[in-house]
Each structure stands twice: as C-alpha cells, then as structure tokens.
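The next block holds one structure in the form of structure tokens; read it before the comments.
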Amino acid sequence: MKKQVYNPYLPLYEYVPDGEPHVFNGRVYVYGSHDQYGAFNFCHNDYITWSAPVEDLSDWRYEGVILSRTEDPENKKNNHDLYAPDVCQGPDGKYYIYYAYDWLGHTGVAVSDSPAGPFKFHGYVSYPDGVAVGSRRPKDVFQFDPGVLVDDDGRVYLYSGFGADSWFPQIKSRMKVDGGYVMELEPDMKTVKGEPKKIFDRRPELKDQAYKGHEFFEASSIRKVNGKYYFVYSTVNGHELAYATSDSPMGPFTFGGVLVSNGDVGYKGRTKENACYPLGNNHGGMVCANGQWYIFYHRHTNFTNTDRQGMAEPIYIKEDGSIDQVEMTSCGLNGGPLAGKGVYPASICCCLMPKKGNVFYPFFKLPHQAAGETYVTQSGKDSDTVETQYITNIKNGCLIGWKYFNLTETSKVILSIKGKAAGEIALKYEETGEVISTVAVNGNSKDMYQVELEVKNGSEKSGLYLDFKNFKGKIQLYTIELQ
C-alpha cells in the first residue's frame with residue numbers, strides 16, 4: 001500500500017538541496033549538493049543520492065555516497081566543497097556527473113556504470129588544447145552550477161555560469177561572471193566544441209525586457225519537453241526558480257515565467273514583504289514521473305542559507321507550453337492532500353510567518369543572528385523521530401500553516417509543545433480566514449505538554465493555520481496530531 005509523503009520529501013535529518021531529478025531505469029534519482037546541518041558554510045558533505053520508483057514517489061531509498069569530496073585530484077586535502085551537480089546518461093550508456101568545487105571556477109566530470117554510483121574522476125571540461133574552461137585563460141567564463149543535456153540525437157550540451165557581476169570582485173577581476181552560457185561537448189563528455197556561448201545576460205539593461213526583474217543569476221538546469229528546451233534557473237531574486245524556452249539547445253531562449261518561490265513570492269500577488277516562509281537561495285529542476293511533471297527546489301532551516309532541505313511540487317504544462325507558478329505546500333509529492341488522521345512533524349509547515357515578517361536568511365551560519373528568531377531547527381543527528389525537528393521561538397503574532405489536509409473526518413488537532421509561555425492559539429483553515437476554534441496556553445515547565453483544538457466542517461482540501469495571540473514568552477512546537 002502506498003504510504004504518504006510530505007515536504008520535505010526526504011527524512012528530516014537529510015539536507016540535499018539543489019535537487020536535479022532524473023529518471024533512469026524506472027526510478028527517479030535526485031542529485032544535489034549535500035549540506036551539513038549546523039555548518040558555517042554550504043555543501044560540507046559528500047554527494048549522495050536517493051531514488052524512488054516513478055510510480056511511487058513516497059518510497060525513497062538511500063543509495064549511499066556517490067562521489068567523495070576528495071575524488072577529484074585538486075581536492076585531495078579536502079579544502080573545497082562540492083557545489084550543485086547534474087547527471088546524465090551519455091551516448092555510451094555510462095553515467096556522468098558534472099560538478100564545480102565552490103569558487104575554483106571550472107567543472108569536473110566523474111563517470112559510473114550506475115546512476116547510483118560510485119562515480120570516478122574522468123577529467124575537467126576543457127578546450128581542445130586541454131586547458132580547463134574557467135581555470136586559467138584570462139576573462140574566461142566562470143563555471144558554476146553545471147546543468148547537462150543529452151539530446152535525442154546524442155549530442156551533449158553543458159550549461160553553466162554565474163550572474164554575480166556585482167559580487168566577488170576577486171572573481172570578476174579574472175573571469176566572466178556576467179550570465180549563463182552553453183557549450184557543446186565532444187563524445188568524450190568533457191572536451192568543448194568551439195567557445196562558450198552566452199544565452200542569458202545578468203545585466204539589467206537587457207534588450208529583452210521580459211526578463212526584467214527575473215534576470216539569470218545561477219542554477220542552470222535543462223530539460224527537453226515535447227520538442228522544446230526548458231531552461232530552469234535561479235533569478236537575481238534568489239528565492240525563485242524561473243524558466244525560459246527555446247526551439248534549440250543553443251538558444252535563443254524566451255522568458256516563460258516563475259515556476260516556484262520558496263516564500264510563495266509572486267504567487268497570487270504575494271509580495272516579498274509578505275513572504276509566507278523565510279527566503280533563501282533556490283535551485284532545482286523538472287522531472288516527469290508516471291505522467292506527472294514536478295519541480296524540485298529547496299527550503300531553508302536554522303535561520304541560515306546553509307541548512308537546506310529538498311522540496312517538490314507538481315507542475316502543469318499547458319497546451320501552449322507555458323507553466324503557471326505553483327505554491328509551496330506540505331503535501332508536494334503526495335498526489336493530493338495529506339490524511340486528516342495521524343501525527344505529523346510540525347516542521348513540515350509551508351507557512352512560517354513571524355509578526356515582523358520574513359527575511360532572506362543569512363548566507364552563513366552565525367548563531368548570534370538566530371537568537372530569538374522563529375525558525376525550523378533540529379535536535380539530535382541522523383534521527384527521524386518526531387523530535388528530530390521542531391519549530392522554535394514561537395511567540396506573539398506568529399502564524400504557522402500547513403497545506404493541505406483532508407479534514408472531512410477530523411474532529412481535533414493536538415499540539416505537542418514545550419516552553420514557558422501564556423497566551424492563546426487560534427485555529428484557521430486559511431491564512432486570513434475566520435477562527436474555527438481557540439485554546440489557552442499556560443506552560444510552566446520545560447517538559448512536553450499538549451493542547452487541543454476543535455476541528456469542525458473541514459473540507460477535502462484544507463489548509464491548517466495556527467495564529468499565536470497575546471503571547472508572553474515563547475514555545476517550541478514539535479508535532480500536530482489530527483484525530
């Protein structure tokens with residue numbers, strides 16, 4: 001019997017952002033970078049992958065380490081972090097992973113006989129003279145977040161680039177960081193044909209005004225759908241993934257729109273100032289599994305950009321090829337609302353709004369910045385118990401929500417909480433909806449205790465929101481139990 005799956009779709013202790021999903025041999029494999037919970041910086045762990053049958057995206061299986069940080073000869077001392085990768089099956093039937101170590105500026109390639117690895121070093125993406133693209137030539141293209149496509153005719157295209165022309169002056173002084181580029185590769189999967197071609201410009205004075213406000217920043221991802229090429233990327237806004245389409249893998253590409261934001265910014269008119277979840281960088285890709293398309297992306301925890309968890313939502317490609325922006329939910333890959341019975345981790349919330357509003361999380365882990373903030377955090381390591389993750393520092397004016405549940409047979413919600421606080425919790429079905437029931441909170445110990453809210457007249461697809469009013473003190477919320 002198919003079990004449920006919620007967002008984040010991997011175990012709560014697992015931090016695999018930048019997810020690039022691909023179907024190989026009847027399974028969806030997700031490749032991404034690998035954050036280490038609580039680390040100061042991004043991507044401190046080896047590459048791993050998880051996979052699931054295309055017909056059941058609730059049944060995720062850990063495939064283990066697929067590429068060690070020290071596999072590349074340039075990182076034998078383990079001084080560099082493996083940033084976002086992508087994987088393809090080459091015309092020779094082997095699997096190739098393309099990766100870039102943090103700020104080295106060039107792309108490595110490793111190869112395996114299996115999509116689950118292990119991958120072994122194959123070389124660097126290089127010009128015919130053997131010089132790695134982005135490594136030594138003055139003003140070469142800085143390689144970052146590679147995406148790869150093997151076309152129907154067997155030709156291979158690599159997409160890369162960085163739009164940080166106003167950032168990192170030490171990089172800008174020696175390499176191009178002005179947008180996204182494409183390169184065709186030789187059958188050896190690493191030698192470039194010709195020169196990199198710019199297909200996305202970071203500069204705001206673009207001739208194509210359709211991109212204005214959504215210019216290319218990073219996170220190149222490419223798919224072919226019904227004869228068209230869909231390029232997914234992270235925009236200059238950071239929190240959103242947009243897409244562009246072309247009739248050729250080499251472009252030109254036409255802006256399509258935003259696919260998803262990890263704060264729902266832009267969805268039904270929501271503004272950045274009213275983001276429903278804390279903002280952070282974003283990266284992901286599209287996949288079709290069992291006839292349904294999905295967009296994979298990530299969210300942020302622990303009041304930092306460096307503790308990221310994989311998320312996914314169904315998307316719908318219209319007859320004209322366009323895709324509307326989808327909302328961030330708690331039920332992503334489930335195929336519909338979550339059951340209105342059972343115990344759920346509170347940390348699967350898709351709405352987490354402090355009274356003062358959400359912010360773009362800091363790029364590095366600095367504990368003093370998180371003091372007193374409301375966020376998803378973790379206790380313990382590599383454990384998937386109900387106390388693995390929880391929402392901390394919940395205080396007056398916070399709004400926390402989950403979408404969606406089938407509440408037609410639900411009569412109550414039981415909250416498991418800790419903390420010394422007094423106030424009132426109101427239950428609603430919509431963010432700005434009417435109050436369904438309320439409960440008083442008066443916690444005076446550090447032990448876990450429970451409070452109960454009545455549910456009535458719930459629908460088959462209902463949100464569930466908790467509004468914290470007149471609170472003095474703060475609490476931690478661990479689980480919500482629906483009965």
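Among the residues of region 70-91, the ones that are more than 21 Å from Pro21 (Cα to Cα) and either out of contact with any Phe, Trp or Tyr (no Cβ under 8 Å at 6 or more places or on another chain) or aromatic (Phe, Trp, Tyr) (or both) come to 5 in all. Taking region 223-258 as the range and being of a type in the set (A, V, I, L, M, F, W, C) and crowded, with 23+ Cβ neighbours inside 10 Å as the test, the residues that pass are Phe231, Val232, Leu241, Ala242, Ala244, Phe253.
Consider Lys341 carefully, then state whether it is of a type in the set (Lys, Arg), without any contact (Cβ under 8 Å) to a residue 12 or more places away in the chain, out of contact with any helix residue (DSSP H, G or I) (no Cβ under 9 Å at 6 or more places or on another chain) and open to solvent by 20 Å² or more (accessible area, probe 1.4 Å).
When the stated conditions are applied, Lys341 does not pass them.
Residue pairs whose Cβ atoms lie under 9 Å apart, separated by 6 or more positions or on different chains, with the first residue in region 391-406 and more than 15 Å from Gly443 (Cβ to Cβ) and the second surrounded by fewer than 19 Cβ atoms within 10 Å (Cβ to Cβ) and of a type in the set (A, V, I, L, M), are Phe405/Ala339; Asn406/Ala339.
Find the residue count for region 394-434, including only residues that are of a type in the set (Gly, Ala, Ser) and in a strand (DSSP E or B). Steps first, answer last, please.
First pass over region 394-434, keeping only residues of a type in the set (Gly, Ala, Ser): 397, 401, 411, 416, 419, 421-423, 426, 433.
Okay, now just the ones that are also in a strand (DSSP E or B), so 401, 416, 421-423, 426.
Of the residues in that region, 6 qualify.
Residues in region 443-462: is at least one farther than 17 Å from Tyr344 by Cα and within 30 Å of the chain's Cα centre (by Cα)? Checked region 443-462: at least one residue is farther than 17 Å from Tyr344 by Cα and within 30 Å of the chain's Cα centre (by Cα). Note on region 113-143: residues that are part of a loop (DSSP other than H, G, I, E, B), touching a residue at least 40 places away in the same chain (Cβ under 8 Å) and closer than 24 Å to Val28 by Cα amount to 5. Here Phe468 passes the criteria (1) assigned to a strand (DSSP E or B); (2) surrounded by fewer than 18 Cβ atoms within 10 Å (Cβ to Cβ) except the one numbered (2).
Confirm whether Lys446 is touching a strand residue (DSSP E or B) at 6+ places or on another chain (Cβ under 6 Å), open to solvent by 70 Å² or more (accessible area, probe 1.4 Å) and at pLDDT below 95. No, not satisfied. Tell me which residues, restricted to region 441-462, are under 17 Å from Glu481 (Cβ atoms), of a type outside the set (S, T, N, Q) and not in a loop (DSSP other than H, G, I, E, B). Passing the criteria: Val441, Tyr449, Val451, Glu452, Leu453, Glu454. I'd like to check something: does region 449-461 contain any residue that is modelled with pLDDT under 95 and farther than 22 Å from Gly342 by Cβ? No: zero hits. Provide a single number: the residues in region 104-157 that are among the aromatic types (Phe, Trp, Tyr) and farther than 19 Å from Pro196 by Cα. The number of residues fulfilling the criteria is 2.
Of all the criteria given as (1) open to solvent by 40 Å² or more (accessible area, probe 1.4 Å); (2) of a type outside the set (Ser, Thr, Tyr); (3) modelled with pLDDT of 80 or more; (4) more than 26 Å from the chain's Cα centre (by Cα), the one not satisfied by Val192 is (1).
So which of Ser234, Ser220 is in contact with a Gly (Cβ under 7 Å, 6 or more places away or on another chain), in contact (Cβ under 8 Å) with a residue 40 or more places away in the chain and small (Gly, Ala, Ser)? Unique residue meeting the criteria: Ser220.
The values are calculated or read from the model by the stated rules, or taken from the named source; none is laboratory data. No experiment lies behind these values; they were computed from the predicted model shown. Glycine gets a Cβ as well: all are built from the backbone with ideal geometry, and neighbour counts include every protein chain shown. These accessible areas exclude ligands, DNA and RNA; they are computed on the full protein's heavy atoms, side chains included. Shrake-Rupley method; radii C 1.70, N 1.55, O 1.52, S 1.80 Å.
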